[in-house]
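What follows is calculated from the coordinates using simple rules that are stated; it is not laboratory data. For clarity, every value in this text was computed on a predicted model and none was experimentally measured. Here the Cβ is made from the backbone with ideal geometry for all residues, glycine too, and neighbour counts use every protein chain on show.
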Amino acid sequence: MQYDLCLPWYYEYDADFVQLIQDACEAQAVSLWLITPENVLESITALYKYETTFRTLLDRAQGDPRFLPINRWAREKGVRRLNPDEVSDRVSDKATMHLELITGGVDTPYTIILSPFLEQPILREIDLSPLGLRFYMKPVMGGGGEGVVELSSIEGIAKARLEFPEQKYLVQAHVEPVDLDGRPAWFRVFYAGGDVWPCWWHPSTHVYTMLSKGEEDQYGLSRLRDVTKRIASICGLEWFSTEIAVPSNGKFISVDYVNDQIDLRLQSAAVDGVPDQVIKELATRLVEMAGN
């Protein structure tokens, strides 16, 4: 038997997203193979015996080695993979993406890239003045805010490098978003297969609000879509989220470049989850991509 779409997953907070994928598959007559920790062994056995195969892989089990043979099989057989792991690995390096985005014409915060502590224990002289009074330091790998610290001195930078001594670090200037009628102009934007969903995203509370078409026109925010599509063309991922802030100079600054393992919790289940409508439409688009 051959399925149109294979979805390996294990994270409990993906359950609502998986249900939306199931609903979209039913609506579009796309066959779906769900692989979980409960059936992963029998599924891999069936896959490698060619008893069951699939046409497209949507992998939400990245990080769990039990599922790796599924991705390996898809890569070896040339099966379509939405966000192939080799592309994800490349874009997960924030230093690489920083340089590629700049080359591609995307505005980013002023940034200094530091060598790993293990390669260069003693920092060379660094001019911090272009960073301003507030700046942030983050390891080039990882996400979800892990390892991100706000600093104000070279001493703080030296100490922070010890948390992940094997990694390069980005030291980035703080971006102060302009106020738009009481809301900071800070946005989390979702992308899938050419479609874009911009959302207000509060940098302190992390609460989302869908950006309406009227607000997009009122505040001149259509460039959120253009910048996101430019990022997509540079990074090569088929679905991801990005953070874009608009300071008083009117530039659209990519402040958190690419997140390919998107937090897909629904807002109806978690106060800082993504608006349900966005995830529903995102799931529908992913299924459309698998069905083509």
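With both bridge residues required to lie in the chain, what share of the DSSP beta bridges run antiparallel, to the nearest 5%?
Working: 34 of 47 bridges.
Looking only at bridges with both residues in the chain, the antiparallel portion is about 70 percent.
Classify region 110-173 from the C-alpha gyration tensor, please: rounded if a/c falls under 1.5, else prolate or oblate depending on whether a/b exceeds b/c. Taking the square roots of the gyration eigenvalues as a ≥ b ≥ c, region 110-173 is oblate.
Which shape class applies to region 55-197: rounded if a/c is under 1.5, otherwise prolate when a/b exceeds b/c and oblate if not, where a ≥ b ≥ c are the square roots of the Cα gyration tensor eigenvalues? The shape class here is oblate.
Only lysines eight or more places from Lys280 in sequence, or on another chain, were considered; those with a Cα closer than 27 Å are Lys213, Lys229. Loop-resident trypsin sites (Lys or Arg not before Pro) (DSSP state other than H, G, I, E or B) in region 138-218 with no more than 10 further Cβ atoms inside 10 Å of their Cβ are absent.
For region 37-70, run through the chymotrypsin sites (Phe, Trp or Tyr not before Pro) and keep only the ones in DSSP coil with at most 10 other Cβ atoms within 10 Å of their Cβ.
Numbers: sites: Tyr48, Tyr50, Phe54, Phe67; in loops: Tyr50.
Of the chymotrypsin sites (Phe, Trp or Tyr not before Pro), the ones in loops of region 37-70 whose Cβ has at most 10 other Cβ atoms within 10 Å are Tyr50.
Give a quick list of GluC sites (Glu not before Pro) in region 86-186 that DSSP marks as loop, anything other than H, G, I, E or B, with at most 13 other Cβ atoms within 10 Å. Each step should come with its number before you reach the end.
Values: sites: Glu86, Glu100, Glu119, Glu125, Glu146, Glu150, Glu155, Glu163, Glu166; in loops: Glu119, Glu125, Glu146, Glu163, Glu166.
In loop regions of region 86-186 (DSSP not H, G, I, E or B), the sparsely surrounded GluC sites (Glu not before Pro) are Glu119, Glu125, Glu146, Glu166.
Could you tell me which of rounded, prolate or oblate describes region 144-285, using a ≥ b ≥ c as the square roots of the eigenvalues of the alpha-carbon gyration tensor, with rounded for a/c under 1.5 and, failing that, prolate when a/b is larger than b/c and oblate otherwise? Prolate shape, in that a/c is at least 1.5 and a/b is the bigger ratio. Taking a straight line from the alpha carbon of Lys49, these lysines sit under 26 Å away, with near neighbours fewer than eight places off in the same chain left out: Lys77.
For the chain, the Kirkwood estimate of hydrodynamic radius, built from reciprocal distances between every pair of different alpha carbons, is 20.5 Å. Here the 3J(HN,Hα) profile of region 177-185, calculated from phi with Karplus coefficients 6.51, -1.76 and 1.60 at θ = phi - 60°, is x, 5, 8, 10, 6, x, 10, x, 7 Hz, Gly and Pro shown as x.
On a 0 to 90° scale, report how tilted helix 223-235 is relative to the longest principal axis of the chain, with both axes built from alpha carbons and the result rounded to the nearest 10. Taking the Cα atoms of the chain, the angle to 223-235 is about 70 degrees. Remark: region 279-289, residue by residue, has Karplus-estimated 3J(HN,Hα) of 5, 5, 5, 5, 4, 4, 5, 4, 5, 4, 4 Hz, where x stands for each Gly or Pro and the curve is 6.51 cos²θ - 1.76 cosθ + 1.60 at θ = phi - 60°. Working note: Karplus 6.51/-1.76/1.60 with θ = phi - 60° gives region 17-23 the couplings 4, 4, 5, 5, 5, 4, 4 Hz, where Gly and Pro are set to x.
Please give the FRET efficiency for Glu26 paired with Arg134, using the beta carbon to beta carbon distance and R0 = 45 Å, rounded to the nearest 0.05.
0.35
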